[in-house]
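Here's the structure we're looking at; comments come further down.
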Amino acid sequence: MNKVFLCRETDKNETRTALVPSDVAKLARMGYELAVQSGAGLKTGCGDREYAEAGAKIVQTYGEGCEFADIVVRVNKPGGIEGLREHTLHISSFDVFNERAAIGEFAAAGIRLVSLEMIPRTTLAQKMDILSSQASLAGYYAVVLAASRLPKIFPMMMTPSGTISPAKVFIIGVGVAGLQAIATAKRMGARVEAFDTRPVVEEQVKSLGAKFVKIDLGETGQTEQGYAKELTPEQVALQRKAQAKVCAQSDIVITTAKVFGRKAPVLLTSDMTRQMKPGSVIIDMAVRTGGNVEGSDPEKEVILDNGVVILGGDGLERFVPKDASNMFSGNITAFLTHFWDGESKSLKADASDEIMSGCLITDGHKIVHEKFR
Ligand code: NAD
């Protein structure tokens, strides 16, 4: 396996591409042969000519690319198996927990599915981690977006005409996106508070100069991979009650609280958003996985009767496609490099490798991943 096809994304809202020309050149030097579907990098600012100069052949249709390749790469899950040949290694994010039927279809067709969001969160695999690379950009952009909608500035300003108080930003969920959101809001001069159920986060919040909101929820903890454990309904109720006052005083609330593979907890109820100040902005970054905010909508902004604006912050990395594509491409290139076998000059999908077994979902007409078998 050494023939890679980079196809055009089919989701009209997608702005990123899975490989940028500089990484195409790197892979070509290694020994991969590459084909790129015409226009695959246009929204990112990468034209066909750059890909061709990097060593890829440009193909016009998806079918042509699939016919050429034994490895297909893209950002998002494909619409279906159509066009993909048996034994193809298909590498993309796949939303595996919500796509059980599609997994079965891929297995039946003999397509080997790599789901990038399932790559184990280990030190070795860090450079392949699309969840982190994209979440950090999304966290940054959430603050930029909120700032653009807020009727006031972020920093404190003391002028002869009067003193402007700093904006108050509250971040709920301090994983990769949350940390970047804190850092961005601090740089812009806001007063920042944050909360997460994982106790280890408190130090990280403080080191960024933000205040950690203390809420005693009893036993919470985290999984081996660093993910939060699901709270009990009683704990969620406790958390809501304790957060209500901070939300009411905040100009911006950004929620990023997710539980891997499960529905996100509702942390801001309508009662709480009704108590917030007119003009306050809420961004729900968990809106696609159930939503942290009652009433948030992934497709449109919601303005409450009290003037509070709720934005569904899904896929915010798509607003900065150049950096997002560079990082995504870096993650895929690291993956293709890790599994490159110099002797046979091909990719070796070694299922005994911890990274491969973590993210390979189907193989040999079977579902092989333990979580989905
Ligand atoms: P995520 O997107 O699954 O969740 C975002 C945050 O929401 C997490 O910090 C989680 O603790 C928090 N959360 C969940 N329920 C909550 C609730 N009820 N209230 C408040 N917060 C809640 O997580 P993520 O950002 O992808 O990563 C989480 C952690 O995983 C990282 O901070 C890190 O420790 C670890 N990680 C490790 C590696 C690695 O070792 N390679 C890479 C990336 C992340």
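Structure summary
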read-out: The range 16-26 - phi-based ³J(HN,Hα) in whole Hz, Karplus 6.51/-1.76/1.60, Gly and Pro as x; value: 8, 10, 7, 9, 9, x, 4, 6, 4, 4, 4
read-out: Amide H within-cut-off set for ILE283, under 5 Å, with H built and near neighbours excluded; value: VAL253, ILE254, THR255, LEU311
read-out: Length-normalised contact order of the chain in % [C-alpha pairs under 8 Å, at least 6 apart]; value: 19
read-out: In sequence order, calculated HN-Hα J values of the range 166-177 (Karplus, 6.51, -1.76, 1.60; Hz; x Gly/Pro); value: x, 5, 9, 10, 10, 10, 10, x, 10, x, 5, 5
read-out: Calculated over the chain: convex hull of Cα atoms, volume per residue (Å³); value: 149
read-out: Per-bin percent of Cα-Cα distances, the range 254-370 [5 Å]; value: 2, 10, 14, 13, 12, 12, 11, 9, 7, 5, 3, 1, 1, 0
read-out: Gyration tensor (alpha-carbon) shape descriptor, the range 170-319, a/c threshold 1.5; value: rounded
read-out: The range 153-256 - Debye-derived log10 I(q)/I(0), Cα point model, q = 0.19, 0.22 Å⁻¹; value: -0.93, -1.17
read-out: Relative contact order of the range 309-373, pairs being alpha-carbon contacts under 8 Å that are 6 or more residues apart, as %; value: 12
read-out: Sequence-distant residues sharing a close amide H with ILE367 (under 5 Å, placed H); value: none
read-out: The range 94-213 - Kirkwood radius from inverse mean 1/r over Cα pairs (Å); value: 16.9
read-out: Too-long pairs where the Cα-Cα distance tops 18 Å, listed order kept, from LYS168/LYS245; LYS12/LYS258; LYS152/LYS277; LYS26/LYS345; LYS152/LYS214; LYS168/LYS206; value: LYS12/LYS258; LYS152/LYS214
read-out: Tail fraction, Cα-Cα pairs, the range 41-112, threshold 17 Å, whole percent; value: 50
read-out: Percent antiparallel among DSSP beta bridges (both partners in the range 165-267, rounded to 5); value: 10
read-out: Computed Rg/Rh of the range 11-54, alpha carbon atoms with Kirkwood Rh; value: 0.98
read-out: Stokes-Einstein diffusion coefficient of the range 1-150, Kirkwood radius over Cα pairs, 10 °C, 1.306 mPa s, in µm²/s; value: 97
read-out: Of GLU234, GLU117, GLU219, the one that fluctuates the most in a GNM where the chain has Cα springs shorter than 10 Å; value: GLU234
read-out: Karplus 3J(HN,Hα) series, Hz, for the range 235-243 with 6.51 cos²θ - 1.76 cosθ + 1.60 (x for Gly, Pro); value: 5, 4, 4, 4, 4, 4, 4, 5, 7
read-out: Cα centroid of the range 45-112 to Cα centroid of the range 227-294, whole Å; value: 36
read-out: Directionally averaged projected area (convex hull, Cα atoms, the range 306-373), nm²; value: 8.4
read-out: Amide hydrogen neighbours beyond the local backbone of GLU193, cut-off 5 Å, H modeled; value: VAL169, PHE170, ILE171, LYS211
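Each reported figure results from applying straightforward, stated rules to the coordinates on display, with no laboratory input. Treat the numbers as computed from the prediction; the structure is a model and nothing was measured.
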